[in-house]
1. Tilt of helix 233-242 relative to the longest C-alpha principal axis of the chain, in degrees (0 to 90, nearest 10)?
2. Mind checking which lysines have their Cα closer than 25 Å to the Cα of Lys63? Skip sequence neighbours fewer than 8 apart in that chain.
3. Placing +1 at every Lys and Arg Cβ and -1 at every Asp and Glu Cβ, with all other atoms neutral, what dipole size does the range 290-431 have around its Cα centre, in debye to the nearest 20?
4. To the nearest 0.05, how large is the calculated FRET efficiency for Thr54 and Glu17 if R₀ is 51 Å and r is the Cβ-Cβ distance?
5. Where does helix 137-149 land angle-wise versus the long Cα axis of the chain, in degrees 0 to 90, nearest 10?
6. Residues with beta-carbon under 10 Å from that of Gly423, excluding Gly423: net charge, scoring Lys, Arg +1 and Asp, Glu -1?
7. For helix 327-339, what angle does its Cα long axis make with the longest principal axis of the chain, in degrees from 0 to 90 and rounded to 10?
8. Within the P(r) computed for the chain, what percentage of the Cα pairs occupies the region above 29 Å?
Amino acid sequence: GNFFDICGIAEQAADIEGKARYIENGMMLLNGGTIVWLGNREEGERILADNDCTIPLDDYSEKLIIPGFIDTHIHYPQTEMIAAFGEQLLEWLDNYTFPTEAQYHDIEYAQKMSQFFIQQLLTNGTTTALVFGTVHPQSVDALFTVAAALNMRLIAGKVMMDKHAPAALLETPEQSDRDTRALIARWHNHQRLSYALTPRFVPTSSPELLEKVRLIKQDYPDIYLQTHLSENREEISWVKSLYPQHERYLDVYHHHELTGSRCVFAHCLHLEQEEWDCLSDTDSSIAFCPTSNLFLGSGLFDLKAAWQKKIRLGMGTDVGAGTTFNMLQTLAEAYKVGQLQHYRLSAFEAFYHATLGGARALHLDDKIGNFDAGKEADLVVLDPGATALQQLRAANSKTLAEKLFVLMTLGDDRNIYRTLVDGNVVYQRDN
Ligand code: GUN
Ligand code: FE
């Protein structure tokens, strides 16, 4: 098959093209769930012959094989409410999100939806995600159980919230602390799974709850933290009225030591300069969620600022505020967000954010994100010509950059031919 990945971490957008690796008619050798070699086909066949290997070969001659997509922000218990009409963030939460999430107290329902959710990720070529559950610990047990059966690399956590939501979704800081610690003991660093502390956002968090989060984080230096930051103007005003002692939204998290490596902040649309500096100085990460930001009318993410501040960044679908599980469609929307700000998002940059950049945002770039020998064998086999229009347009594309740009702009789940997790085929398109 034909292989494409980005070979190294980029300091600026302009560096990425030079790190792009394209191997036409190449061959990749896997040993179980590990990539052992990538190169041209003749050389691969020689290695196999020299080592007396008779191993099964999959032929993907018309296909494009890339690293599995990494979704750095998504809510699994919002799958069934995707595409909810008419509201911006705060009303959307009250009218659609909270009633939906309340259903996840039912473990059987959570199990059924976990199956569906993981299938959606794989159908779209996403092999790693950083996922919100609901406040119910059983929601996360259900999700991790499905991911563990596939040996997926997945990070998730139960939402923590103790105010400004319906009573059925609230907990005390003490309960939150107990349930979270029990989940960490069960799942953190189990197989390829990791736990993420998940205070929903500032308006649903009391200072006492944030203090509990701080203490748990202190006890587990390699734990993740995921939350929302500066998504919507009304949300930001609300945060300022709830926490008048703090000058800015991010100050509330930072005050409780909830910034730093492995802390992933979704959105970051209306940051003040001091907040950009704080994210940068603490080595925090950002999840850029273009379909969600457009769908809820939240705002336009400033990619240029993120590069200038050298902040780790990944792509997020943010389903169910986001409108697709598909990373190609998400990249197409990211390009349009760029256009509205005169930022030119190249296909190389877009695929970087969705693969190696996302891995770096999650501090997993030693394990996933590209095809370097020793990395985990999570990959997607794309069919770049899944539709007549795509075939026509591809026939009129000259460079690799143009072909990839057409793929991300016109692409969707029809382009996902196969998905491999841990070296195994976990999704196969029907035809
Ligand atoms: N802010 C707090 N909770 C949520 C959520 O579920 N989705 C989005 N997009 N923003 C949030
Ligand atoms: Fe979100």
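We did not get these values from a lab; they are worked out from the coordinates using the rules stated. Everything quoted here is computed from the prediction, not taken from an experiment. Here the Cβ is made from the backbone with ideal geometry for all residues, glycine too, and neighbour counts use every protein chain on show.
1. The angle comes out at about 40 degrees.
2. Lys63 reaches Lys19, Lys367, Lys375, Lys398, Lys403.
3. 460 debye
4. With R0 = 51 Å, the Cβ-Cβ based efficiency is 0.85.
5. For helix 137-149, the angle is close to 10 degrees.
6. Taking every other residue near Gly423 into account, the sum is -3.
7. Result, in degrees: 70.
8. Within the chain, distances greater than 29 Å cover 43 percent of Cα pairs.
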